[in-house]
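Before any comments, here is the structure.
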Amino acid sequence: MLAIRHDSTVFACALTTFVLASAIGAATAQETPQDVENFYRGKTVQIIVGSSAGGGYDTYARLIARHMGKHVPGNPNIIVSNMPGAGGNVAANNVYNVAPKDGTVIGAFQSGVILEPLLGLTPVKHDPSKFHYLGSANDDVYICIARTDSPVQTFDDILKKDLIVAASGSSSTSDYPAVLNAVLGAKFKIVLGYPGSREISLAIERGEAQGACGLAWPSISVTQPGWFDSGRMKVIVQTHATGYPELNAKGVPLAATFAKTDEQKAILSLFFSQSRFGRPYVLAPEVPAARAAAMRKAFADTMADADFKGEAAKARLDVDAVPGADVQALVSKVYASPPQIIARTKHAIHGK
């Protein structure tokens, strides 16, 4: 009898657990468009930018925040906050582990954040392959620039002469010059310690640095237009698969054209793939699917919004949006890259 009572208790507990789990799963699966609208109505959605205020990522996020609310069911208020550090990984860790997982927090990170667990050395507490990707605000073209009073004026020069570049740790501004040094033999002298692109720009203005690498052309050409209009700064190379039309027309070369072996080309191809998701916007993995889908649609609708596009054009912000599904698929593909190419790309970045 004791054994029978024990088995019955175990069965009852198991049945209760199953019923509760099924109910929770059913509730999540049955969340309707009206439920999503009711959830967001009266809420405030926060976009956490992984870099300092005033830079390109911040500028894009604030523009998106001004227009996206009208496309989200329930029309929530959308605000922007900044959480710089570790090339955006501080913000990514926060969105992944600390911030609410209900769809009221959006992460806006540097593209290098997505590759950090795959190619980085800094321990992070996030898995980019599990985020919900709303999309990317741009297919960014990253560049390297040099002051016109520096000894480097072309990419051929950087293969022979040193150029001091300001950089933020574990970000595109440190990783891009490191990869070009390791793979192509460039001679960038990387000075770390700058929180974001605004501080890097100030360092160049003050003469602390002679240039920078891993900057997004659509952003820096807007935030620092006087650099290029006046001829004070020169773009020496594009670190992108196809390049930006305006720069291509000016004859600015692609870094990949300097690769001499198949392995060099494969490393650069993997590393440059991040430009496709140059300005990714994400939700935490735990956000219910219906809310994630609604936010992805709202992001796409914002990118196509006439008022948004008009304001972007006035601010000279380039918008070449990449749909969320495409970004999600590309991130999955990157994380499925051959181990040997991942290892060699990682070594190119870090030298170890």
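Report the residue count in the stretch 288-317 for those that are free of Cβ contacts under 8 Å to residues at least 12 places away in the same chain and either within 16 Å of TYR176 (Cβ to Cβ) or surrounded by 15 or more Cβ atoms within 10 Å (Cβ to Cβ) (or both).
Matching residues across the stretch 288-317 total 2.
Among ALA53, ALA61, ALA99, ALA65, which is under 23 Å from ALA315 (Cβ atoms) and outside any helix (DSSP H, G or I)?
Just a single option satisfies the conditions, and that option is ALA53.
If ARG279 satisfies all but one of (1) more than 25 Å from ALA241 (Cα to Cα); (2) in contact with a Ser or Thr (Cβ under 9 Å, 6 or more places away or on another chain), what's the number of the condition it fails?
Unmet condition: (1).
For the stretch 200-216, give me each residue that is surrounded by fewer than 19 Cβ atoms within 10 Å (Cβ to Cβ) and either assigned to a loop (DSSP other than H, G, I, E, B) or touching a residue at least 40 places away in the same chain (Cβ under 8 Å) (or both).
Once the filter is applied, which keeps residues that are surrounded by fewer than 19 Cβ atoms within 10 Å (Cβ to Cβ) and either assigned to a loop (DSSP other than H, G, I, E, B) or touching a residue at least 40 places away in the same chain (Cβ under 8 Å) (or both), the stretch 200-216 yields GLY207, GLU208.
Can you report the number of residues in the stretch 138-164 which are assigned to a loop (DSSP other than H, G, I, E, B) and either within 13 Å of VAL331 (Cβ to Cβ) or modelled with pLDDT of 95 or more (or both)? Talk me through it step by step, then tell me what you get.
Step one: filter the stretch 138-164 for residues assigned to a loop (DSSP other than H, G, I, E, B), giving 138-141, 148-154, 159-162.
When the remaining residues are screened for being either within 13 Å of VAL331 (Cβ to Cβ) or modelled with pLDDT of 95 or more (or both), the result is 148-154, 159-162.
Summing the residues that are assigned to a loop (DSSP other than H, G, I, E, B) and either within 13 Å of VAL331 (Cβ to Cβ) or modelled with pLDDT of 95 or more (or both) in the stretch 138-164 gives 11.
Which number in (1) of a type in the set (A, V, I, L, M, F, W, C); (2) over 29 Å from ARG344 (Cα atoms); (3) buried (at least 17 other Cβ atoms within 10 Å of the Cβ); (4) out of contact with any strand residue (DSSP E or B) (no Cβ under 6 Å at 6 or more places or on another chain) marks the one condition that ALA259 misses?
Here ALA259 clears every test but (2).
Among the residues of the stretch 78-115, how many are more than 26 Å from GLU31 (Cα to Cα) and touching a Lys or Arg at 6+ places or on another chain (Cβ under 6 Å)?
Looking only at that region, the number is 2.
Residues in the stretch 296-309: is at least one touching a strand residue (DSSP E or B) at 6+ places or on another chain (Cβ under 6 Å), basic (Lys, Arg), modelled with pLDDT of 95 or more and farther than 24 Å from LYS234 by Cα?
Taking every residue of the stretch 296-309 in turn, at least one turns out to be touching a strand residue (DSSP E or B) at 6+ places or on another chain (Cβ under 6 Å), basic (Lys, Arg), modelled with pLDDT of 95 or more and farther than 24 Å from LYS234 by Cα.
Taking PRO285 as the residue in question, decide whether it is in contact (Cβ under 8 Å) with a residue 60 or more places away in the chain, out of contact with any helix residue (DSSP H, G or I) (no Cβ under 8 Å at 6 or more places or on another chain), surrounded by fewer than 22 Cβ atoms within 10 Å (Cβ to Cβ) and of a type outside the set (A, V, I, L, M, F, W, C). Quick ask: steps written out before the conclusion?
Details: in contact (Cβ under 8 Å) with a residue 60 or more places away in the chain: yes; out of contact with any helix residue (DSSP H, G or I) (no Cβ under 8 Å at 6 or more places or on another chain): no; surrounded by fewer than 22 Cβ atoms within 10 Å (Cβ to Cβ): yes; of a type outside the set (A, V, I, L, M, F, W, C): yes.
No, not satisfied.
Of the residues that make up the stretch 107-124, is at least one of a type outside the set (Gly, Ala, Ser) and at pLDDT 95 or above? Please lay out each step first, then the result.
Taking the stretch 107-124 first, the residues of a type outside the set (Gly, Ala, Ser) are 109-110, 113-119, 121-124.
Remaining after also requiring at pLDDT 95 or above: none.
No, there is no match, as no residue in the stretch 107-124 is of a type outside the set (Gly, Ala, Ser) and at pLDDT 95 or above.
Picking from VAL98, VAL113, which residue would you name as being crowded, with 24+ Cβ neighbours inside 10 Å and either among the hydrophobic types (A, V, I, L, M, F, W, C) or farther than 19 Å from PHE272 by Cβ (or both)?
Working: VAL98 fails: crowded, with 24+ Cβ neighbours inside 10 Å.
On inspection, the qualifying residue turns out to be VAL113.
Looking only at the stretch 204-211, decide whether some residue is among the basic types (Lys, Arg) and within 23 Å of LEU159 (Cα to Cα).
Just the residues of the stretch 204-211 that are among the basic types (Lys, Arg), to begin with: 206.
Filter once more, so that each one left must be within 23 Å of LEU159 (Cα to Cα): none.
No, every residue in the stretch 204-211 fails to be among the basic types (Lys, Arg) and within 23 Å of LEU159 (Cα to Cα).
The values are calculated or read from the model by the stated rules, or taken from the named source; none is laboratory data. Note that the structure is a prediction, hence the values are computed from the model and not measured. With ideal geometry, Cβ positions are generated from the backbone for all residues, glycine too; neighbour counts draw on all protein chains shown.
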